[in-house]
Amino acid sequence: MRKLCFLTLILIGAFVSVNAQTSPLNDYLGKYVFAEGSPVAEVTITIEDSSLVINSAMGSIMLEKKGVDSFYLATYDALIIFNRADGKTVASISIFVQGTELMGKKESGPVAIKEDEFYASLWAKQNH
């Protein structure tokens, strides 16, 4: 039974690792912090069912892709644009809602763990 659970865990880990590395949406993942006094303090961008989801104190809403680095937030009739610093990495987010632009700086991105580190930490947890 332990071997079956261990094998299942390894397969799930490998599947998640492969999907995490290949998704073009991974560039957008992370936490974005807005200026003090902004209506929204921070948002977190995650992936759910192959779509981006914006999470904040107001709730979680799925984003609709409109173009390269641009999405639509239907609930608030808002346009969301991800800004790239060097043409490669996403550095900030702009949310255009009700004639106002909210600008958030990317604080952190998704955390990736190497396959060897994953197995080593899993092995350590099971044997201690």
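Throughout, read-outs are computed from the coordinates displayed, never taken from laboratory work. As the structure is a computational prediction, the values presented were derived from the model and not from experiment. A quick note on method: Cβ atoms are made from the backbone with ideal geometry, for glycine too, and the neighbour counts reach across all protein chains shown.
At a glance:
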item: Cut-off 13 Å between beta-carbons: net charge of the residues surrounding Lys31, Lys and Arg +1, Asp and Glu -1; result: 0
item: Spacing of the two label points (7 Å from each Cα toward its C-beta) at Ile61 and Ser92, in nm; result: 2.2
item: Relative contact order of region 25-109, defined on C-alpha pairs under 8 angstrom at six or more residues apart (%); result: 27
item: Cα shape, region 25-109, gyration tensor, a/c 1.5 rule; result: rounded
item: Length gained when the stretch Ser51-Ser38 is fully extended (0.36 nm per residue, less Cα-Cα span); result: 2.1 nm
